[in-house]
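Following: one structure in C-alpha cells, then a few remarks.
Please treat every number below as a calculation from the coordinates, not as lab data. Computed from a predicted structure; not experimentally measured. No Cβ is skipped: glycine too gets one built from the backbone with ideal geometry, and neighbour counts run over all protein chains shown.
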Amino acid sequence: MTLIAPDTRPAQRTAVRRTYLMCRPDHFTVEYRINPWMHPEAPTDTARALAQWQSLHDLYVSLGHTVLLVDPVPGLPDMVYAANGGFTLDGVAYAPRFAHPERAGEAPAYASWLARTGFRVVEPRETNEGEGDFLLAGDVILAGTGFRSSGRSHEEVGEVFGREVVSLELVDPRFYHLDTALAVLDPVPGPEGLPVIAYFPGAFDERSRAELERRFPNAILVGEDDAVWLGLNCVSDGRNVIIAEQATGFERMLRERGYTPIGVDLSELLRGGGGVKCCTLELRL
Ligand code: ARG
C-alpha cells in the first residue's frame with residue numbers, strides 16, 4: 001500500500017500589476033475629530049507623515065505598480081486618505097459624498113481628477129465614502145454601512161455598476177469604514193476560485209458575520225490585536241500584501257496562506273484614523 005501525504009504546501013500566489021491613486025500628505029494634520037482615532041489636541045508631525053507616505057509610495061513602485069497622484073488641496077487635511085475619493089470599475093468612477101462637512105471639499109477634487117484621467121464619473125445621490133466602504137471581491141461589491149456610507153448608497157452603487165452588492169453592517173466605532181475591518185487579498189480571484197478575504201469578525205453585526213461565513217468559508221479571521229493597528233487596512237496585489245508592521249499575527253497568517261506580507265510603518269497617518277489601504281485608491285480603468 002502506498003500512502004500519499006496530503007499536499008500541505010501553501011497555495012502559490014500570483015501578483016497582478018495594479019494602478020493606484022495617492023495624495024501626498026502635504027497638508028496632513030488632525031484638526032477635527034470625526035473618528036475615535038483622531039485627537040486634535042495632540043500635535044501631528046507632517047514631515048514624518050510625508051516620509052512614511054513616501055516609503056509606501058516607493059514600495060508600490062518597486063513592486064511594479066503604477067502610482068498616479070492627485071494634487072493635495074490646502075485646508076483638506078484628510079485628503080491623503082485617497083481610498084475615500086471614489087470607487088472605480090470598468091472605466092466608471094462613482095464619486096464620493098462625504099458624511100462629514102469637514103471632508104466635503106474633497107469630493108469635487110477627486111471627481112474632477114478622475115474625469116480628467118478618463119473615467120466616466122457618476123455623481124452620487126447618496127452619502128458614500130468610496131473604496132473606504134466598497135470593496136470588490138470577485139464579481140460582487142462588499143459594502144459597509146453603519147458609520148459613513150448610507151444603506152441607500154449600496155443600492156446606488158449596485159445600479160451604477162450592475163453588480164451584486166453585499167451589505168455589511170459595521171458596529172464598532174473604531175472600525176468605521178469597511179476597509180478598516182475587512183480586506184480582499186485577491187484583486188482577481190486566486191487559485192481557490194473564490195477571492196480570499198480577511199476580516200475582524202468583531203467589527204460586524206451578527207447577520208453580516210453569518211453572511212461573510214457563508215460566502216467566504218476560506219476567509220482569514222483576524223483578531224483584535226491586529227485589527228487595532230488597522231492591520232486589515234492593507235493592500236494586496238494577489239501575492240504581496242502591504243500591511244501595518246505592528247500586525248504581526250496577521251502577518252503570520254498571511255505567510256501560512258502563501259502570501260508575502262510586507263510591513264510598513266504609517267503610525268503618523270494612523271493618528272488620523274487611516275492606514276495603508278486608506279492612502280490608496282485602486283483605479284480600474
Ligand atoms: N480621518 C479620516 C476620516 O475619518 C480617515 C479616513 C480613513 N480612510 C479609510 N479609507 N478608512 O474620514
task: In debye, nearest 20, what is the charge dipole magnitude of segment 199-285 about its Cα centre with +1 on Lys and Arg Cβ and -1 on Asp and Glu Cβ, if you could check?
output: 340
- request: Apply 1/(1 + (r/R0)^6) to the Cβ-Cβ distance of E102 and E159, taking R0 = 35 Å, and write down the FRET efficiency to the nearest 0.05.
  value: 0.80
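Return the calculated 222 nm mean residue ellipticity for the chain, to the nearest 500 deg cm²/dmol, obtained by summing -39500 (n - 2.57) across DSSP H runs with n ≥ 4 and dividing by the residue count.
-6500 deg cm²/dmol
Starting from the Cα gyration tensor of segment 201-285, take the square roots of the eigenvalues, sort them a ≥ b ≥ c, and report rounded, prolate or oblate (rounded when a/c is under 1.5, otherwise prolate if a/b is larger than b/c, else oblate).
Rounded shape, in that the Cα axes give a/c under 1.5.
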message: Rounded, prolate or oblate, given the Cα gyration tensor of segment 132-285, with a/c below 1.5 counting as rounded?
response: rounded
task: For segment 1-103, build the charge dipole from Cβ charges (+1 Lys, Arg; -1 Asp, Glu) around the Cα centre, then report which of S62, P10, V92 sits farthest towards its positive end.
output: P10
- prompt: Using alpha-carbon pairs under 8 Å, 6+ residues apart, how would you state the relative contact order of the chain in percent?
  reply: 22
- request: Would you be so kind as to identify all helices of the chain, as entire DSSP H runs, whose Cα atoms reach 20 Å or more along the helix's own axis and whose mean Kyte-Doolittle hydropathy is at least 1.0?
  value: none
field: Residues D71, D78, sorted so that the one with the fewest Cβ neighbours within 10 Å comes first
entry: D71, D78
- prompt: If you place +1 on the Cβ of every Lys and Arg and -1 on the Cβ of every Asp and Glu, how big does the dipole about the Cα centre of the chain come out, in debye to the nearest 20?
  reply: 540
- line: A student applying the Cα gyration tensor rule (rounded when a/c is under 1.5; otherwise prolate if a/b is larger than b/c, oblate if not) would label segment 66-177 oblate
field: Relative counts (whole %) of C-alpha pair distances in the chain, using bins that are 10 Å wide
entry: 7, 31, 39, 19, 3, 1, 0, 0
field: Restricting segment 16-103 to GluC sites (Glu not before Pro) in coil, as DSSP defines it, with at most 10 other Cβ within 10 Å
entry: E41
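Note the full-extension length gain between R207 and A42 as 0.36 nm times their separation in residues minus their Cα-Cα distance, in nm to one decimal.
55.6 nm
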query: How about segment 218-285: which GluC sites (Glu not before Pro) there are in a DSSP loop, with at most 11 other Cβ atoms within 10 Å of their Cβ?
result: none
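Taking the Cβ of W37 as the centre, find all other residues whose Cβ is under 10 Å away and add up their charges (Lys, Arg: +1; Asp, Glu: -1).
Computed value for this residue: +3.
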statement: From fewest to most C-beta neighbours within 10 Å, the residues C279, C234 line up as C279, C234
